[in-house]
Every structure is written in structure tokens, then in C-alpha cells.
Amino acid sequence: EQGRQVGDLSRAYLALARDDSSRALQRFMALPDSIFSRSNLHLLTKARLLAAQERLREAAAILQHVPPSIYPLPSEIVWEFEGAVVQDRLGDRKQALAGYRRVLNTWQRPNLELQRYVTQARQALAR
């Protein structure tokens, strides 16, 4: 069963790599959310695809559950950032601001790859 699910997940990412976001979303939607217990990156990808198609409430439902950890991984802060962006687009400014603040509090001196998230979070707080 897990072997089949790994294949299905691979095909979802392959569709994304081929620039077929509609097909990729279709494949991600068919996967169980609990496909992997150690990684939630497929859920972050699914939420991003939903948001890109203006399915904001569905994206928000996924992103409202930030994966718990003692020391946040970069992917978890990206998750937090994406959640803030979706909340902002939904008009929930209070939730969005809280998410942007968490991003800034965690990444006070980000490396170059993470700088864009911090810059966008600062811009969103300044609006």
C-alpha cells in the first residue's frame, strides 16, 4: 500500500515538474493526508496549489495546522508564511498578521534563500 502511495505522490510531483498544476492538484487531492508520518511537505504543496487556484478556504484548512516541533524547521516557517498569505487573501488580517510576526520572530537574520519570506512578511505588516 505504501509503495503505491509513494508512486502516486511521485506522479503528483512529476505533473508539477511538467508545469501541469491542474493535474498535480488532482493527484495531490487523491492522496491521503497521512501518507507520510514524518513529512508534511506534500500538504504544503497541496495547499499552495489550492491557493493558486483561488480555493483559499481549502488551502487555509490545511495550513491552519502548523506541524508541531520543538525547534521549527525552515519548512514549518514557510508553512506559517503560506498560512498568513492565505489568511490575508481571505480577509482575516488578524490571523495573517500573527503569522507574519511568527515568521519575523523566527527568522531575524535569514539566509539568502529565506530572505524573500522575511521581506514579504515585513511588507505585509507595514500595509
Quiz item: Given Gln26, Ala47, Leu97, which one lies farthest toward the positive end of the charge dipole of the chain, if we put +1 on the Cβ of every Lys and Arg and -1 on the Cβ of every Asp and Glu?
Solution: Leu97
Quiz item: Using the Karplus equation 6.51 cos²θ - 1.76 cosθ + 1.60 (θ = phi - 60°), what ³J(HN,Hα) coupling, rounded to whole Hz, does each residue of the stretch 112-118 give in order, writing x for Gly and Pro?
Solution: 4, 5, 9, 4, 5, 5, 5
Practice problem: Mind checking the stretch 43-127 for GluC sites (Glu not before Pro) that DSSP puts in a loop (not H, G, I, E or B) and that have at most 16 other Cβ atoms within 10 Å? | Solution: Glu54
Quiz prompt | Rounded percent of accessible protein surface that carbon and sulfur make up, the stretch 44-127, 1.4 Å probe | solution = 52 percent
Exercise. Would you look at the GNM of the chain, springs on alpha carbons closer than 10 Å, and say which of Gly91, Gly99, Gly83 moves the most?
Key: Gly91
Self-check item: Within the chain: Cβ-based charge dipole about Cα centre, in debye rounded to nearest 20 (Lys, Arg +1; Asp, Glu -1)
Solution: 300 debye
Quiz item: Using the Karplus equation 6.51 cos²θ - 1.76 cosθ + 1.60 (θ = phi - 60°), what ³J(HN,Hα) coupling, rounded to whole Hz, does each residue of the stretch 74-79 give in order, writing x for Gly and Pro?
Solution: x, 5, 6, 6, 4, 4
Quiz prompt | Charge dipole (the stretch 44-127, unit charges on Cβ, about Cα centre) - positive-most of Ala121, Gln64, Trp79 | solution = Ala121
Quiz item: For the stretch 56-127, what is the Kirkwood hydrodynamic radius in Å, using each pair of distinct C-alpha atoms?
Solution: 12.1 Å
Quiz item: Just the accessible area per residue of the stretch 1-83, please: how many Å² with a 1.4 Å probe?
Solution: 61 Å²
Exercise. May I have the convex hull volume per residue, in Å³, for the Cα set of the chain?
Key: 116 Å³
Self-check item: Length gained when the stretch Arg11-Ser34 is fully extended (0.36 nm per residue, less Cα-Cα span)
Solution: 6.6 nm
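The values are calculated or read from the model by the stated rules, or taken from the named source; none is laboratory data. As the structure is a computational prediction, the values presented were derived from the model and not from experiment. When we count neighbours, we look across all protein chains shown, and the Cβ atoms used for this are built from the backbone with ideal geometry, even at glycine. For the accessible areas, the whole protein counts, side chains as well, though only heavy atoms, and no ligand, DNA or RNA atoms are used. Shrake-Rupley method; radii C 1.70, N 1.55, O 1.52, S 1.80 Å.
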